[in-house]
Structure formats: C-alpha cells, structure tokens
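Written below as structure tokens is the structure these notes are about.
The values are calculated or read from the model by the stated rules, or taken from the named source; none is laboratory data. Bear in mind that the values here come from a model prediction, so they are computed numbers and not experimental data. With ideal geometry, Cβ positions are generated from the backbone for all residues, glycine too; neighbour counts draw on all protein chains shown. Just the protein is used for accessible areas: all its heavy atoms, side chains included, with ligands, DNA and RNA removed. Shrake-Rupley method; radii C 1.70, N 1.55, O 1.52, S 1.80 Å.
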Amino acid sequence: MRLIIMGPPGAGKGTQAKFIAEHFKIPAISTGDIFRANVSEGTELGIEAKRYMDAGEYVPDEVTNAMVKDRLAQDDARDAFILDGYPRTVDQVSTLDGILDSLGTKLDGVIELVVDPEELIQRLLKRAETSGRADDTEQVIRHRQEVYTAETAPLLEVYGSRGIVIEVDGMGDVDEVTQRIDAALPA
Ligand code: ADP
C-alpha cells in the first residue's frame, strides 16, 4: 500500500497519517516532521530549510526531493508508506513518479482531506497556542494557505486525472474523519 495524504495546512494530514500508518503497519513519512527534526538538531539541511519554513514558503524542490529519495530508499519504506506533505509541487510529483517507476511500482491512492478555509485558519490559530511552531502566526498561516492554493492544489487535478484521488470530508472530530478514511480505503 503506497499512499499520499493531501490537503491544505490544518486539514489534519499528520494526525490522520499516523492512524493510517498504525492501522496498516506502514511508515508515515512527513516531510514537515523531517525538516523540523533537522531544524532542532541544527543540521545543515535544517539550517537551510528553516528560513523557508519560518516564512511559510516551500523549501526548494531540489532539497526536498533529495531528502525524500533518501527516505524512500530505506528498508521500511520499500513496500508501503503514507506520505504526508509530499509531493507539494508539480516538480515533486515528477520526482516521486521517477522513484516509483524505478522500483516498478506506483501509488495506490491519494487521500484528499477537504476542510472549509475558515475552519483551517481557526484550527491553526488554536494549534499556535501550544505548538511553539514559528510558522503558526496568523500572517504566516494565511500565507501558507495561499501557497497551498497556488502550488499544491493543482496536484489534485494531476492525480485526479489518474483516477486515484479518494476525497474525504475532513470536517468534524478526528475520530469521525478516521472512520471515513477507513471506510474509503481498500481493505
Ligand atoms: P503544514 O502544517 O503547513 O501542513 P508541514 O508540517 O507539512 O506543514 O510543513 C511545514 C513546512 O515545511 C512547510 O510550510 C514548508 O516550508 C516545509 N515543507 C514540508 N514539506 C515540503 C515539501 N514537500 N516541499 C517543500 N517544502 C516543504
């Protein structure tokens, strides 16, 4: 099972990716988490990524793609994974296609979490009170939504044309959303 979970910032990708990962016993790979781990460890990658992240911009494709290539080459991700936060640009879609082609495999599904824009802002502002994330200020939150709409939302059409998008209502309780995803995924 090779899955992607997509949706705007605040849609609940990370939360739901963890449930799916546990349920199917597959690794959840979050580019945001990997970047944040590198930032807190002060690695070269972290130092480079931080200035983009703090501004709500995407880290350059070449940096992100190289990082994901490395991660997907690890043993635990060989047969199955759920990607959270990647791909986010058309260029990243091509890179992922290339990685999967070279393994002779392809994606099984793209879960799209659909949430009202105002609800997204409210959730992120609430998270900001406890997350300590430098990119959880209102101005940066609004900018991240714009970047998503411009750069990432178009990917849903790309995957849509391949017939692999599974649309899931992301409004309501975490548990309700998990159940909807469970019901929508192949057994
Ligand atoms: P969000 O809450 O916006 O979904 P994430 O935790 O997934 O945030 O990512 C945080 C930040 O890390 C992004 O705003 C971006 O700067 C960087 N990032 C994560 N994934 C990618 C990616 N695939 N391409 C470029 N930048 C990324």
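Worth a mention:
- Coil-residue GluC sites (Glu not before Pro) of segment 1-93, DSSP, other Cβ within 10 Å capped at 15: 57
- Once the Cα-Cα distance is subtracted from the 0.36 nm per residue extended length, the residue 23 to residue 102 segment shows a gain of 25.7 nm.
- Label point distance in nm, residue 78-residue 119, each placed 7 Å from Cα along Cα→Cβ: 4.1
- Report summary: the helix-based calculation at 222 nm, which adds -39500 (n - 2.57) for every DSSP H run with n ≥ 4 and divides by the residues of the chain, gives -17500 deg cm²/dmol.
- Solvent-accessible area per residue, Å², over segment 75-187 with all protein chains present [probe radius 1.4 Å]: 54
- For segment 50-102, the list of trypsin sites (Lys or Arg not before Pro) that fall in a loop by DSSP and count at most 14 other C-beta atoms within 10 angstrom reads 78.
- Surface share of carbon and sulfur [accessible, 1.4 angstrom probe, percent] for segment 62-171: 48
- Taking all Cα pairs closer than 8 Å and separated by 6 or more residues, the relative contact order of the chain comes to 33 percent.
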